[in-house]
Amino acid sequence: MTFLAHDEHTVALLQAVIETTSEAVLVTDGTGKILLLNQRFEDLWRLTPGWLETITSRDRMQHLATLVSDGEQFLVRVEELYADPNLEVIDWLTLRDGRIIERYTCGMRLDPQRTVRIWLFRDITSRERAQHELKVMKSVLEALNRIIEPQRQLQAGLRALVRETGARAAWLWGVEGSDSARLLAHEGARELQIDLTPRAPGDPCECLQRLIHHEFPSAAHPITCPRLAHLHDADQEPAQHISIPIYSRDRPLAILNLVMPAGSSFGVVEQRMFAAIANQFSVAIERARLFESVREEQRTAEVLRQASATLSALLDVEQVLDHVLDQIVALMPCDGASVMLVEGMQARVVRVYGYEKLSDETGRALHQVTFEIARTPTLRRLIETGQPWIIHETLNNPAWVRIEQAFPIRSWLGAPVIVRQQTVAFICVDSFTPYSFRPEHARRLATLASGVSLALQNAQLYAQAYEALERERRLGDLTRTISSALDIDVILDSVVRLSVELVGADAAALGLLSPDHRILARTHTFNMPEALMTLKQGIEPVWEAIERQRIIIRHRVVYAHAGEIKSIPSVLGAPVVAGDRMLGVLAVYHLHDHSHFSERDGAMLEIVGRQTGIAITNAQLFTETQRLATTDQLTGLFNRYHFFALAPRELERARRYRHDVALLIIDVDHFKTINDTYGHVAGDTVLQHIADHMRRELRDADILARFGGEEFIALLPETNLTGALRVAGRLRATIEANPVPLNGQSIRATISVGCASLHPATRDEHLDTLIQRADRALYTAKAGGRNQVASDASYGD
């Protein structure tokens, strides 16, 4: 501290120095009373002339405190400085008008008893704001360059800008195309409930419209926007809205919007700062878009590569259609998508995506939609051009056809799927937001449609090959089934059932002809409607196949039933032949529209007809062979060999269930005399006559056979001895009452019958024993004079 002599010369010299210095100077005594000040001090503090005379010495420091933003702290600090005369301090003050003042103060002794405090003040507002500007720019620049991923760069830069400027919120719009914008990044905007939906054409956003039409000032400026009107409500903190245009090579690139606290300074310095920040964001946005474009192209290429590989591996049309929607979602933003198949002059929706989010009814309704191609401009144009097409805005667009269901589609992208120069399907992508699709989306969809076209071709070829193999397999199954069957009914039932499966028909009928080929001897059907059964059991529509002995195919066959006119969509008739013999005809039906038989179906059923003819012939031969092997040729009854094959099983069943069973042995009386008198032919006639009468008298369950020579044998299930004697008596009476007519004369023939029965309590007796007992009874009948019935009394009832 410097000690100065207290004399008039020293004071005058000090006063002269204060007046000539470039700083604002104030000198006070140890109690805070102002001793000296210069004009620059009054100018810096913007004091009115003569203020010293209007305010008491004690209130002058109080008056200065009212000019500082924190006057109370200002006075506290002054008191601290006066309490310590040796304290030397440099700090700064913020005035209420926003200026920043640097303050320097130190104590000075004029003499050992007297101390003064010198105050120096300097306006450093420009310097501080410049430093703040540099700090903000540095922070934003570092944030933009610190992160590699461009989209996160923009978010980090925006966050740094909000932090350094004290903004309440910030959001960055990127201009898309020529008249729309989308959100690139935001900080704090959602908390203020600011509308951040994409800006479409005609949006009332003032800054967007002025930027697009080049009416925006080149520097940042305050704005008034309808979307921010709610921030002026009484319950909201006052705010100032600032919009900063961002250009790149004289074209609109983006808009940076800020919500600043009310009263924030906005002068030349701030405009310069925001202009520099706009340049930084311009570079970052361009870099982000380039990065995003490259990354999106790489991702798209990978998605298309995987889609192509997956589609190429799919060999089912349904799987191809399912996979298409998955790829669309991966290739572009959309709210909904659909696939339509072309069916004649119509396009039917077969797959949908996204609409189930609206409601289950909406998704189901869209599945039922069918478009008339000729009356649908979008689909007609896709067919005519073979190229994808974008409708940016469907509202009031004459090409857009609205369906009954209310779908909120605002922009649309479609592409045709072309197979062998024929449009077979359409892929449609929908968005609930206008202007959602760009040319690159159309190119991607066209590439996907090309992959779908190839996949559909592969699937169709595979389906045809698989169908051919499947038909060959089914034909083989049918051939093996009917070839291994030796029962004609089984063969015919198998043929009609398997023929329906073979050609994908709905119903079938097979009719066998009578020997004269004039009527049907028998008919077998499968799934035939009642109306068709009135047409000769379903055979009449294909009777021509019998007459021409070749395959016939008819479509739209009209017939009348119950007073109504009905139509058969398609019918195919195949002759059933064995060599040169016509055996019958096979008819198969399609009963639903859009289904028709082809020449390939006819070729398959022609083979079936020939195989069926062979199988029927084989079954007939087997039946005849079996008949010859089990039947006595003279009488038509079972032979002895077949009787001994059937009787033990019946005897075992009677034992198991404890049922009665009886055995009859029948012998023709004096048969040798008949042969000697009338000849062997007459004898044969007598045997046939007796066999016919016995067959009529016995039940179907009874086993009747020729036992040998003039003897017959019959096994009667569930018949006791009493019942057997009654049956035997009836047989004897019938033969006696019906002489054998021969060459105009009658031959009287009689029979003797021996009966034996197996009682349920008898469990160990065998067939041979039962025959022996019946034979003994027959001997008794013959010994008693013939033409009578006898039983084995040892086991009688």
Of the conditions (1) surrounded by fewer than 18 Cβ atoms within 10 Å (Cβ to Cβ); (2) part of a strand (DSSP E or B), Ala170 satisfies every one except a single condition; which number is it? (1)
Anything in segment 731-742 that is part of a strand (DSSP E or B) and among the aliphatic types (A, V, I, L, M)? List them, or say none. Val740, Leu742
Among the listed residues Ser752, Ser794, which satisfies the condition of being modelled with pLDDT of 95 or more and of a type outside the set (Phe, Trp, Tyr)? Ser752
List the pairs whose first member sits in segment 125-143 and is closer than 10 Å to Ala160 by Cβ and without any contact (Cβ under 8 Å) to a residue 60 or more places away in the chain, whose second member is open to solvent by less than 90 Å² (accessible area, probe 1.4 Å) and assigned to a helix (DSSP H, G or I), and whose Cβ atoms are under 7 Å apart, counting only residues at least 6 apart or on separate chains? Ser139/Ala160; Ser139/Glu164; Ala143/Ala156; Ala143/Gly157; Ala143/Ala160
If you check Ala574, Ala545, which single one turns out to be under 17 Å from Gly602 (Cβ atoms), part of a helix (DSSP H, G or I), at pLDDT 85 or above and in contact with a Leu (Cβ under 9 Å, 6 or more places away or on another chain)? Ala545
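For (1) under 18 Å from Tyr104 (Cβ atoms); (2) in contact with a strand residue (DSSP E or B) (Cβ under 8 Å, 6 or more places away or on another chain); (3) charged (D, E, K, R), each residue gets a yes or a no:
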| site | (1), (2), (3) |
| --- | --- |
| Ile34 | yes, yes, no |
| Trp45 | yes, yes, no |
| Glu53 | no, no, yes |
| His63 | no, no, no |
| Leu75 | no, no, no |
Considering each of Pro515, Pro569 in turn, give the residue that is surrounded by fewer than 20 Cβ atoms within 10 Å (Cβ to Cβ) and part of a loop (DSSP other than H, G, I, E, B). Pro515
For His594, which of the numbered conditions (1) in the same structural domain as Val542 (by the TED database); (2) in contact with a strand residue (DSSP E or B) (Cβ under 7 Å, 6 or more places away or on another chain) fails to hold? (2)
Taking Pro439, is it exposed (fewer than 15 other Cβ atoms within 10 Å of the Cβ) and more than 23 Å from the chain's Cα centre (by Cα)? yes
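Give the residue, chosen from Leu158, Leu208, that is under 27 Å from Asp250 (Cα atoms), out of contact with any helix residue (DSSP H, G or I) (no Cβ under 8 Å at 6 or more places or on another chain) and modelled with pLDDT under 75.
Exactly one of Leu158, Leu208 is under 27 Å from Asp250 (Cα atoms), out of contact with any helix residue (DSSP H, G or I) (no Cβ under 8 Å at 6 or more places or on another chain) and modelled with pLDDT under 75, namely Leu208.
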What is the residue count in segment 374-396 for residues that are open to solvent by 30 Å² or more (accessible area, probe 1.4 Å) and modelled with pLDDT of 85 or more? 14
Residue among Thr48, Thr115, Thr56, Thr66 that alone is hydroxyl-bearing (Ser, Thr, Tyr), at pLDDT 85 or above and assigned by the TED database to the domain that holds Thr21: Thr66
Quick check on my filter: what residues within segment 713-730 are touching a residue at least 12 places away in the same chain (Cβ under 8 Å), surrounded by fewer than 24 Cβ atoms within 10 Å (Cβ to Cβ) and assigned to a helix (DSSP H, G or I)? Leu721, Thr722, Gly723, Leu725, Val727, Gly729, Arg730
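For segment 614-633, how many residues are surrounded by 14 or more Cβ atoms within 10 Å (Cβ to Cβ) and farther than 18 Å from Arg497 by Cβ?
Qualifying residue count for the region: 8.
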Would you check if Arg410 is surrounded by 18 or more Cβ atoms within 10 Å (Cβ to Cβ), under 30 Å from His392 (Cβ atoms) and either outside the structural domain of Ala574 (by the TED database) or hydrophobic (A, V, I, L, M, F, W, C) (or both)? yes
Which of the residues that make up segment 173-192 are out of contact with any helix residue (DSSP H, G or I) (no Cβ under 8 Å at 6 or more places or on another chain), in a strand (DSSP E or B) and small (Gly, Ala, Ser)? Ser180
Kindly indicate which of Ala619, Ala629, Ala645 is modelled with pLDDT of 90 or more and not charged (D, E, K, R). Ala645
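Go through the residues of segment 554-564 one by one and say whether even a single one is of a type in the set (Phe, Trp, Tyr), in contact with a helix residue (DSSP H, G or I) (Cβ under 9 Å, 6 or more places away or on another chain) and crowded, with 18+ Cβ neighbours inside 10 Å.
No, every residue in segment 554-564 fails to be of a type in the set (Phe, Trp, Tyr), in contact with a helix residue (DSSP H, G or I) (Cβ under 9 Å, 6 or more places away or on another chain) and crowded, with 18+ Cβ neighbours inside 10 Å.
It is to be established whether one or more residues within segment 743-763 are open to solvent by less than 50 Å² (accessible area, probe 1.4 Å), part of a helix (DSSP H, G or I) and over 19 Å from Ala781 (Cβ atoms).
Taking every residue of segment 743-763 in turn, none turns out to be open to solvent by less than 50 Å² (accessible area, probe 1.4 Å), part of a helix (DSSP H, G or I) and over 19 Å from Ala781 (Cβ atoms).
Per-residue answers, yes or no, for (1) open to solvent by less than 60 Å² (accessible area, probe 1.4 Å); (2) among the acidic types (Asp, Glu); (3) in contact with a His (Cβ under 9 Å, 6 or more places away or on another chain):
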residue: Tyr657; (1), (2), (3): no, no, no
residue: Lys672; (1), (2), (3): no, no, no
residue: Asp684; (1), (2), (3): no, yes, no
residue: Ile690; (1), (2), (3): yes, no, no
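What is the residue count in segment 72-121 for residues that are open to solvent by 80 Å² or more (accessible area, probe 1.4 Å) and either of a type in the set (A, V, I, L, M) or assigned to a helix (DSSP H, G or I) (or both)?
Total satisfying the criteria: 6.
Residues in segment 422-431: is at least one part of a loop (DSSP other than H, G, I, E, B), in the same structural domain as Gly336 (by the TED database) and surrounded by fewer than 19 Cβ atoms within 10 Å (Cβ to Cβ)? Can you show your working first?
Restricting attention to segment 422-431, the residues satisfying the condition of being part of a loop (DSSP other than H, G, I, E, B) are none.
Checked segment 422-431: no residue is part of a loop (DSSP other than H, G, I, E, B), in the same structural domain as Gly336 (by the TED database) and surrounded by fewer than 19 Cβ atoms within 10 Å (Cβ to Cβ).
The values are calculated or read from the model by the stated rules, or taken from the named source; none is laboratory data. Bear in mind that the values here come from a model prediction, so they are computed numbers and not experimental data. Neighbour counts are summed over all protein chains in view; Cβ atoms, including those assigned to glycine, are modelled from backbone coordinates with ideal geometry. In case anyone asks, the SASA skips ligands and DNA or RNA and just uses the protein heavy atoms, side chains included. Shrake-Rupley method; radii C 1.70, N 1.55, O 1.52, S 1.80 Å.
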